[in-house]
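Student: Dropping the structure in here first, questions after.
The values are calculated or read from the model by the stated rules, or taken from the named source; none is laboratory data. What you see is a predicted model, and the numbers here were worked out from it, not measured in a lab. Because the Cβ atoms are built from the backbone with ideal geometry, glycine has one as well, and the counts that use them run over all protein chains shown. Ligands, DNA and RNA are stripped out before the accessible areas are found, and what is left, the full protein with its side chains, is counted by its heavy atoms. Shrake-Rupley method; radii C 1.70, N 1.55, O 1.52, S 1.80 Å.
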Amino acid sequence: QVQLQESGPGLVKPSETLSLTCTVSGGSISSYSWSWIRQPPEKGLEWIGYIYNSGSTTYSPSLKSRVSISVDTSKNQFSLKLRFMTAADTAVYYCARGRWFGERGNYYYGMDVWGQGTTVTVSS
Amino acid sequence: DIQMTQSPSSLSASVGDRVTITCRASQSISTYLNWYQQKPEKAPNLLIYAASSLQSGVPSRFSGSGSGTDFTLTISSLQPEDFATYYCQQSYSAPPYTFGQGTKLEIQ
């Protein structure tokens, strides 16, 4: 079955750029959409954005000026870059597969496969 | 952005209880509503999509209902493995696909 694994630095300095990669195994990345979600310590989930296999992206308005998501189909990976990191960006970062479920004549989006998450701390 | 509000924020219950969690959207989202379960130190797991459709492999004691702005997740008979935090998420309008703040279900 499809599995996702995040990788990247656990510690980032303030003002630097976070770079995370999600490796997809057990299936092709050339289908579905691929999302990043984060969860600050003891808080809820925040959707960051996603990329389709076509390369088109959609980002959360609150992060849009600092974030970019890209895909490398040759490596079956997609990546997140978040610029100008601050302490408020400290969180567990998850990658996830998004898919459209056909139901009752409509299509409904949900994230059905998740990575285990990687903890990112912003500190000097 | 569409705001999602869950109630209660926390809930204590016993094995075998019937439990209901509520999620309210700040505007109508039809049935574009997902529910996720998250256990400590684990990634979320999709339980229900389209407000009431059970994701493959999810036990039938979980059910969802609602449309428009008001939704519920019901667990018909709590099992020990169900104690977790539950999140709703709207998939009607992006960006962003907003989540509720979560409901922590604890053992009484």
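Student: Output ³J(HN,Hα) for region B:16-26: one whole-Hz value per residue in order, computed from phi by the Karplus curve 6.51 cos²θ - 1.76 cosθ + 1.60 with θ = phi - 60°, and x for Gly and Pro.
Tutor: Values, residue by residue: x, 5, 9, 10, 10, 10, 10, 9, 10, 9, 6 Hz.
Student: Within 10 Å of each Cβ in B:95-106, how many Cβ atoms from other chains are there, averaged over the peptide?
Tutor: That average works out to 5.
Student: Taking every residue in A:100-109, how many Cβ atoms of other protein chains lie within 10 Å of its Cβ, on average?
Tutor: Other-chain Cβ atoms within 10 Å of each residue's Cβ, averaged: 5.
Student: Which distance in nm do the two modelled labels at B:A13 and A:S54 give, with both placed 7 Å along the Cα-to-Cβ direction?
Tutor: Each label point lies 7 Å from its Cα, and together they span 4.1 nm.
Student: Sticking with this one: Of the peptides A:23-30, A:104-111, how do they stack up when ordered by the mean number of other Cβ atoms within 10 Å, highest first?
Tutor: A:104-111, A:23-30
Student: In Å², rounded to the nearest 100, what is the total accessible surface buried by chains B and A against each other with a 1.4 Å probe?
Tutor: Protein heavy atoms only, the B-A interface buries about 2000 Å².
Student: If you don't mind, another one. Express the accessible area of the protein assembly as shown per residue in Å², computed with a 1.4 Å probe while the remaining protein chains stay in the model.
Tutor: In whole numbers, the protein assembly as shown has 45 Å² accessible per residue.
Student: Can you give me the distance in nm between label points at B:Q27 and A:S7, each placed 7 Å from the Cα along the Cα-to-Cβ direction?
Tutor: Distance between the two pseudo-spin positions: 4.2 nm.
Student: Let me ask another. I'd like the Karplus ³J(HN,Hα) series for region A:85-93: coefficients 6.51, -1.76, 1.60, θ = phi - 60°, whole numbers in Hz, and an x wherever there's a Gly or Pro.
Tutor: Once θ is set to phi - 60°, the couplings for region A:85-93 become 5, 10, 4, 5, 8, 4, 5, 8, 9 Hz.
Student: What three numbers, in Å, describe the spread of the alpha carbons of region A:1-109 along their principal axes, ordered from the longest?
Tutor: That gives 45, 31, 25 Å along the principal axes, largest extent first.
Student: OK, next. Round to a whole number: what % of the accessible area of region A:16-96 belongs to carbon and sulfur, probe 1.4 Å?
Tutor: Result for region A:16-96: 50 percent of the exposed heavy-atom area is carbon or sulfur.
Student: Compare the peptides B:99-106, A:63-70 by average per-residue count of other Cβ atoms within 10 angstrom and give them in order, highest first.
Tutor: B:99-106, A:63-70
Student: Under a straight-distance cross-link criterion of Cα-Cα below 16 Å, which aspartates and glutamates are reachable from B:K104, leaving out those fewer than 8 residues away in the same chain?
Tutor: Qualifying aspartates and glutamates at Cα under 16 Å: A:E42, B:D17, B:E41, B:E81, B:D82.
Student: Taking every residue in A:40-47, how many Cβ atoms of other protein chains lie within 10 Å of its Cβ, on average?
Tutor: Mean inter-chain Cβ contacts per residue within 10 Å come to 4.
Student: Stokes-Einstein at 25 °C, 0.890 mPa s, Kirkwood radius from Cα pairs: D for the protein assembly as shown in µm² s⁻¹?
Tutor: The Stokes-Einstein estimate is 136 µm²/s.
Student: Also: When only DSSP loop residues count, what chymotrypsin sites (Phe, Trp or Tyr not before Pro) in region A:1-105 have their Cβ near at most 12 other Cβ atoms within 10 Å?
Tutor: Passing both the DSSP loop test and the Cβ count: A:F84.
Student: I would also like to ask the following. Given a Förster distance of 41 Å, report the FRET efficiency between A:E16 and B:E41 from their Cβ-Cβ distance, rounded to the nearest 0.05.
Tutor: Rounded to the nearest 0.05, the efficiency is 0.95.
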